[in-house]
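Participant: Can you keep this structure in mind? I'll have questions shortly.
Only the coordinates and a few stated rules stand behind these numbers; no lab work does. This is a predicted model, so every value here is computed, not measured. Virtual Cβ from ideal backbone geometry, glycine too; neighbours counted across all protein chains shown.
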Amino acid sequence: MELVKEIKICEVGPRDGLQNEKLILSVEEKLSLINRLTDAGVKVIEVGSFVNPKAVPQMATTDEVFSLLEKRDDVQYRALIVNEKSVARAIACGCSKVKLNVSASTGHNMANLNMTPEQSVAGFASCVHIAKESNLEISGSISMPFGSPWEGEIPIGEVKRIVEAYLAVGIDEISLSDASGFANPKQVYTMCKEMSKAYPNVSWWLHFHNTRGMALSNIFAGMQAGFTNFDASVAGLGGCPFIPEATGNISTEDLVHMCELMGVYTGIDLVSLMDIGKWVSKRLDKKPESYVINAGRNCDLLINKN
């Protein structure tokens, strides 16, 4: 079995996790969540998004959270942006890294923006220019590269055209984001192998929603293909308000637990992470979408423990 020795996890709970919740956490609660996650060893965290607060009211306080956050030198704090105004907001509140997003589904992108995915990415050039002038790191994300409710499976050639559009505007860190939960492990392994071969200089991330229960197996397939950067959400929080039936991201606790059992290093303290997942789930008045929180770690269940 070919398996990586170490992975990096970006905790997306404060952004992707909270954006679909009916209850909205206060600024103080968001700060507590972020600080507790970094105390547990999380080194990359998606704090929020600079989007229209009318569209996503859960993210309306992202500017304030960034301004009040006591940032650690060894932690990367990032956020999602959508346009030049978003970049300006990110710069103003002290955000150091931002991410743009485009849909690999032409039907989805046309319905929302009346543009092809390639046209959307070409329009990002001004955002990239403004960001780099202010020493703001910028990355890109491709939503639904494995399939969408509009087209079904997305041909890999269409995904490659979006990758090349990102490279053309100066973005070489790219996330493949299965927001619709369509991916399967064989497809993930094949795409990861092809993308790393075709674009060896790109820094790749994988982002899976657990809509149909395949997120962990998809991450495992990505690991076998040599990918080492993965998004996850504490307590399995998440969902996309713009995609039918989209459920939460893979639980960070479940991912860390699997890695510990396989000897793959994450640097994150699982017990602390489980406590955080229980706390935020209770605050949101919902059951954690985490198998390991609900059932316990393997080692917790051993009858004859010494």
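Participant: Taking the Cα centre of the chain as origin, work out the dipole magnitude from +1 charges on Lys and Arg Cβ and -1 charges on Asp and Glu Cβ, in debye rounded to 20.
Facilitator: Details: 29 positive and 36 negative charges, 43 e Å.
Once rounded to the nearest 20, the dipole reads 200 debye.
Participant: I need the peptides 135-141, 254-260 ranked by packing, meaning the mean over residues of other C-beta atoms within 10 angstrom, with the highest value on top.
Facilitator: Working: 135-141: 18.6, 254-260: 23.0.
Most protected by this proxy first, the peptides run 254-260, 135-141.
Participant: Describe numerically, in nm with one decimal, the distance between label points set 7 Å from Cα along Cα→Cβ at GLU153 and at ASN201.
Facilitator: 3.2 nm
Participant: For MET115, what residues show an amide H to amide H distance below 5 Å, using hydrogens built from the backbone and excluding near sequence neighbours?
Facilitator: So MET115 has HN proximity to MET110.
Participant: Another question about this same structure. If you average the C-alpha positions of segment 31-55 and of segment 177-203 separately, how far apart do those two centres end up, in angstrom?
Facilitator: That distance is 26 Å.
Participant: Please list, ordered by chain and number, the residues whose modelled amide H lies under 5 Å from the amide H of GLY239; skip anything fewer than 5 residues away on the same chain.
Facilitator: Counting only residues 5 or more places away or on other chains, the set is ASN249.
Participant: Next question. Report, by chain and number, residues whose modeled amide H sits under 5 Å from the one on SER139, excluding near sequence neighbours (fewer than 5 apart, same chain).
Facilitator: Answer set, sorted by chain and number: VAL98, LYS99, LEU100.
Participant: Among HIS108, HIS207, rank each residue by its count of other Cβ atoms within 10 Å, from fewest to most, as a rough exposure measure. Present the calculation step by step, with values, prior to reporting the outcome.
Facilitator: Working: HIS108 22, HIS207 26.
So the ranking, lowest neighbour count to highest, is HIS108, HIS207.
Participant: Can you work out the FRET efficiency for the pair CYS299 and ASP39, with r the C-beta to C-beta distance and R0 = 35 Å, to the nearest 0.05? Show your work: numbers first, answer last.
Facilitator: Details: r = 22 Å, r/R0 = 0.63.
Efficiency at R0 = 35 Å is approximately 0.95.
Participant: May I pose another question? For LYS22, which aspartates and glutamates qualify as cross-link partners when the Cα separation must be under 15 Å and same-chain residues fewer than eight apart are set aside?
Facilitator: In chain and number order, the partners are ASP285.
Participant: How much length is gained on full extension from ASP73 to ASN52, taking 0.36 nm per residue of separation minus their Cα-Cα distance? Mind showing how you got there, number by number?
Facilitator: On the way: separation 21, 0.36 × 21 = 7.56 nm, distance 2.93 nm.
Additional length available on full extension: 4.6 nm.
Participant: Gain in length, MET1 to MET110, computed as 0.36 nm per residue apart minus the alpha-carbon separation, to one decimal in nm? Kindly include the intermediate steps, with their values, before the conclusion.
Facilitator: Working: separation 109, 0.36 × 109 = 39.24 nm, distance 4.15 nm.
Computed gain between MET1 and MET110 is 35.1 nm.
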